[in-house]
Amino acid sequence: MTGHPKQFVVYKDGAGEYRWRLYAQNSKIIADSAEGYKNKADCVHGAKLVSSIASGAFIWDGDEKVVIN
C-alpha cells in the first residue's frame, strides 16, 4: 500500500481486523492504531478521536518534565 499524504487510511490486516494509519505530507506513516478492531466503525471512531485531539495536544519532554513550546 502506498502512502496517502496527510490523511488517515483504514485497512484490514492479515488477521481480518481493521486498523488505521496516519500519513504525513511526505507519505510516511507517522502513527497507527496499534491494535486491531473487529468493527470498521470502531476503527474509524478511533481515528476520529486521534484526529480531534492531536491538533491541540502538548509535546511533553519526559526527561525535563516540561511542556515543549
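The values are calculated or read from the model by the stated rules, or taken from the named source; none is laboratory data. What you see is a predicted model; the values in this text were computed from it and never measured. Every residue, glycine among them, receives a Cβ derived from its backbone with ideal geometry; neighbour counts consider all protein chains shown.
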Taking the residues in the stretch 42-59 that are loosely packed, with under 10 Cβ neighbours inside 10 Å and of a type in the set (Gly, Ala, Ser) as candidates, determine which candidate is modelled with the highest pLDDT.
-> 52
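In this structure, is residue 9 free of Cβ contacts under 8 Å to residues at least 24 places away in the same chain and surrounded by 14 or more Cβ atoms within 10 Å (Cβ to Cβ)?
On the way: free of Cβ contacts under 8 Å to residues at least 24 places away in the same chain: yes; surrounded by 14 or more Cβ atoms within 10 Å (Cβ to Cβ): yes.
Spelling it out, residue 9 is indeed free of Cβ contacts under 8 Å to residues at least 24 places away in the same chain and surrounded by 14 or more Cβ atoms within 10 Å (Cβ to Cβ).
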Matching residues, the stretch 18-41, being farther than 22 Å from residue 5 by Cβ and either in a loop (DSSP other than H, G, I, E, B) or free of Cβ contacts under 8 Å to residues at least 24 places away in the same chain (or both) = 35, 36, 37, 38, 39, 41
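Quick grid of which residues meet (1) within 15 Å of the chain's Cα centre (by Cα); (2) part of a helix (DSSP H, G or I):
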position	(1), (2)
10	yes, no
16	no, no
43	yes, yes
48	yes, yes
60	no, no
Before we move on, is residue 28 surrounded by 12 or more Cβ atoms within 10 Å (Cβ to Cβ) and not hydroxyl-bearing (Ser, Thr, Tyr)?
-> no
